[in-house]
1. Mind checking the dipole of the chain: about its Cα centre, +1 per Lys or Arg Cβ, -1 per Asp or Glu Cβ, Debye to the nearest 20?
2. Between ASP29 and LEU80, how high is the FRET efficiency from 1/(1 + (r/R0)^6) when r is the Cβ-Cβ distance and R₀ = 22 Å? Nearest 0.05.
3. Taking all protein chains in place and a 1.4 Å probe, what share, in percent, of the accessible surface of the chain do carbon and sulfur account for?
4. For a protection proxy built on the mean count of beta-carbon atoms within 10 angstrom, sort 40-49, 64-73 highest first, please.
5. When only C-alpha pairs under 8 Å and at least 6 residues apart count, what is the relative contact order of the chain, in percent?
6. Go ahead and estimate [θ] at 222 nm for the chain from helices alone: -39,500 (n - 2.57) per DSSP H run with n ≥ 4, summed, over the residue count, rounded to 500.
7. Determine the per residue accessible area of the chain with all protein chains present and a 1.4 angstrom probe, expressed in square angstrom.
8. When the dipole is taken about the Cα centre of the range 33-74, and only Lys, Arg (+1) and Asp, Glu (-1) are charged at their Cβ, what size is it in debye, to the nearest 20?
Amino acid sequence: MRKNQFHCAMCGACCIELSISSPIPGLPDGKPAGVRCIHLTADNRCAVYGARPEVCRNWKPDAELCSGGFEEASRSLALLEKATR
C-alpha cells in the first residue's frame, strides 16, 4: 500500500448523499441525492458490496471528503453533490 493511499471506512455517506443517474438493482431510475440507497443496511454497510453495480465500484473514496467520519463525510458529499448538479 502506498503511504498516502486512503481506504474507505465504509460509513455509507456516499450511499446517501450522492445521486446515481444510472440504473442499479432495485432502482431502475437510479437514486436521487440525499436518499438512502435501498441496499444500505441499518449499520450503514452495503448489503450487495461484493456484487455492487459498476457506478458504485467506480466511486473512489477521498481522504479530504471521507476521513472525518459519517457526519463530516455527509456534509462534504452533500456540498459536492450540490456543486456538481
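1. Using only the charged Cβ atoms, the result is roughly 200 debye.
2. The formula returns an efficiency of 0.55 here.
3. Using a 1.4 Å probe with all protein chains present, the chain comes out at 55 percent carbon and sulfur.
4. The most tightly packed comes first, giving 64-73, 40-49.
5. Worked out over the chain, it gives 36 percent.
6. That comes out to -8000 deg cm²/dmol.
7. 69 Å²
8. 260 debye
The values are calculated or read from the model by the stated rules, or taken from the named source; none is laboratory data. This structure is a prediction, so every number in the text was calculated from the model and none was measured. All Cβ positions, glycine included, derive from the backbone under ideal geometry; neighbour counts span all protein chains shown. Areas reflect the complete protein model, heavy atoms only, side chains present, ligands, DNA and RNA absent. Shrake-Rupley method; radii C 1.70, N 1.55, O 1.52, S 1.80 Å.
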